[in-house]
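In what follows, a structure is listed as structure tokens, so that the remarks can point back to it.
The values are calculated or read from the model by the stated rules, or taken from the named source; none is laboratory data. Given the structure is predicted, the values throughout are model-derived calculations rather than measurements. Virtual Cβ from ideal backbone geometry, glycine too; neighbours counted across all protein chains shown. What goes into the accessible areas is simple: the full protein's heavy atoms, side chains included, and nothing from ligands, DNA or RNA. Shrake-Rupley method; radii C 1.70, N 1.55, O 1.52, S 1.80 Å.
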Amino acid sequence: ELVLAAVLVKGLELRSSFGYASAEFVEFTTISGQDLSGRKLSGIPEWNASVGVSYARRFTDNLVWFADISADIRDDRLLGESDATAVSIDGYSVADARVGITGANDRWELSLWGTNIFNELYVTARSNGNAFYPGADVVAFGPPAMFGATFRYKFGNR
């Protein structure tokens with residue numbers, strides 16, 4: 001895994017990460033006797049990455065405005081205990097954003113935010129059915145685009 005962060009100019013920060021995993025069973029046999037040695041572990045993407053940029057600037061003596069956008073990217077992955085029962089989940093990327101103002105003393109903050117701002121339709125879990133629907137393609141999707149506002153205030157000296 002590689003993580004990089006850099007302040008390009010005062011107030012402007014760039015962040016990125018990249019992870020690679022070659023995860024497989026070295027030697028493993030299930031209780032039912034199925035040999036999974038040498039097979040990939042379920043649910044682990046081969047690679048994942050993220051990138052983000054944030055900017056903050058003093059607006060007045062008492063106010064600082066900020067903006068942040070980031071993206072999370074995941075590779076395809078298989079779910080299931082063996083190649084015979086595994087189902088594939090496509091890779092995806094999701095972007096989030098936030099903009100707001102804060103007091104120069106960091107006691108309060110007002111922000112507008114969005115998650116999955118491009119409304120990416122992506123799968124988080126999938127199976128070839130269950131006891132109620134054997135053989136059915138059961139799919140769970142990630143959350144849709146959501147937007148909101150947040151006001152925070154810090155009480156006390158912490």
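The set of residues in segment 112-150 that are within 21 Å of the chain's Cα centre (by Cα), surrounded by 12 or more Cβ atoms within 10 Å (Cβ to Cβ) and in contact (Cβ under 8 Å) with a residue 40 or more places away in the chain comprises Ala125, Arg126, Gly142. Could you tell me whether Leu4 is in contact with a Leu (Cβ under 9 Å, 6 or more places away or on another chain), without any contact (Cβ under 8 Å) to a residue 60 or more places away in the chain, open to solvent by 80 Å² or more (accessible area, probe 1.4 Å) and not charged (D, E, K, R)? Criteria met by Leu4.
Inspect segment 24-39 for any residue being in a strand (DSSP E or B) and crowded, with 16+ Cβ neighbours inside 10 Å and give the result as yes or no. No, that holds for no residue.
For Ala67, are the conditions met, namely being under 25 Å from Arg107 (Cα atoms) and not β-branched (Val, Ile, Thr)? Here the answer is yes, as Ala67 does meet what is asked.
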